[in-house]
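Data block below; observations after.
The values are calculated or read from the model by the stated rules, or taken from the named source; none is laboratory data. All figures in this text were calculated on a predicted structure; none of them were measured in a lab. When we count neighbours, we look across all protein chains shown, and the Cβ atoms used for this are built from the backbone with ideal geometry, even at glycine.
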Amino acid sequence: MLPVQTRRIGREDGATSRGCDSRRTSRWSGPLARVRSPRPLNVPFGRQAERHLKLCFAVLYTLVVVGSAGAQETAWWVTATFEPRDETVEGIPIAELHPDWVKASALREAELPHGAQEEGWRLADVGFALAVDADLDGDGVPERAVVGVFEHRSGAKGRFLLILGRKLWGTGWVKRALFSGEGEPGFSAVGFFEGRFLWVTCFACDVGCQVQYRWWRFRLKCYSCC
């Protein structure tokens with residue numbers, strides 16, 4: 001799957017903003033019209049933020065979508081899981097991404113469940129993607145953001161967000177930042193919403209993380225509805 005080409009996001013476009021305003025309402029339409037603006041947790045990424053990520057991932061399992069016939073059906077992004085199987089991601093050996101990982105795989109659109117092809121719930125319909133090329137640090141050069149799943153040498157699995165930069169010499173990518181959370185090796189996606197670059201695991205929940213570039217580092221600012 002080719003990454004989505006999108007516009008630049010820099011200091012003037014919200015990447016370094018203080019976050020979300022809970023008084024604002026979503027301007028999404030269609031299936032996402034009921035999503036409310038999130039409440040930021042205001043924590044840097046680390047052990048505390050990783051606990052928030054685990055909480056956000058767990059919240060997803062309470063989500064149900066009411067079908068047109070009135071029956072309740074679990075949303076595809078809640079139940080979808082993927083098997084980490086590769087030794088490289090975007091050409092980078094797993095050991096260079098994380099010394100304790102034994103396998104990892106970037107998510108591919110062809111591997112998504114059948115529900116992901118239904119009108120209104122396709123990635124393109126909701127404005128998210130599995131890989132995005134965009135200027136995330138404001139230097140005029142696009143980075144690449146990729147989502148996927150991993151397996152730790154302990155046997156634990158989970159999701160990751162990998163941000164890559166172009167090599168200074170030659171071709172290919174180098175790791176700029178890696179964020180991960182242990183749990184189900186499930187679905188996640190990235191995309192822009194109201195000038196913010198978000199990493200989400202759900203299209204109808206008030207949980208997720210905003211990717212920010214501050215003080216020469218990429219950081220996550222995770223938010224939750226409660």
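The residues on offer are Lys167, Lys221, and the sole one that is surrounded by fewer than 17 Cβ atoms within 10 Å (Cβ to Cβ), at negative phi and not acidic (Asp, Glu) is Lys167.
Applying the criterion of being in a helix (DSSP H, G or I) and in contact with a strand residue (DSSP E or B) (Cβ under 7 Å, 6 or more places away or on another chain) to the residues of the stretch 73-96, the residue that is surrounded by the most Cβ atoms within 10 Å (Cβ to Cβ) is Ile94. Taking Gly127 as the residue in question, decide whether it is touching a Gly at 6+ places or on another chain (Cβ under 7 Å), modelled with pLDDT under 95 and either closer than 22 Å to Trp215 by Cβ or of a type in the set (Val, Ile, Thr) (or both). It is false that Gly127 is touching a Gly at 6+ places or on another chain (Cβ under 7 Å), modelled with pLDDT under 95 and either closer than 22 Å to Trp215 by Cβ or of a type in the set (Val, Ile, Thr) (or both). Screening the candidates Phe197, Phe192, Phe187 for the property of being under 16 Å from the mean Cα position of the chain (by Cα), surrounded by fewer than 21 Cβ atoms within 10 Å (Cβ to Cβ) and closer than 17 Å to Ala124 by Cα yields one hit, Phe192.
Of the residues making up the stretch 97-150, those that are surrounded by 18 or more Cβ atoms within 10 Å (Cβ to Cβ), closer than 19 Å to Thr201 by Cβ and not aliphatic (A, V, I, L, M) are Ser105, Trp121, Phe128, Gly148, Phe150.
Given the condition in a helix (DSSP H, G or I) and free of Cβ contacts under 8 Å to residues at least 60 places away in the same chain, answer yes or no: does some residue in the stretch 138-156 qualify? No, because not a single residue in the stretch 138-156 is in a helix (DSSP H, G or I) and free of Cβ contacts under 8 Å to residues at least 60 places away in the same chain.
Modelled with pLDDT of 95 or more and out of contact with any Asp or Glu (no Cβ under 6 Å at 6 or more places or on another chain): is that true of Trp199 in this structure? Taking the combined requirement at face value, the residue satisfies it.
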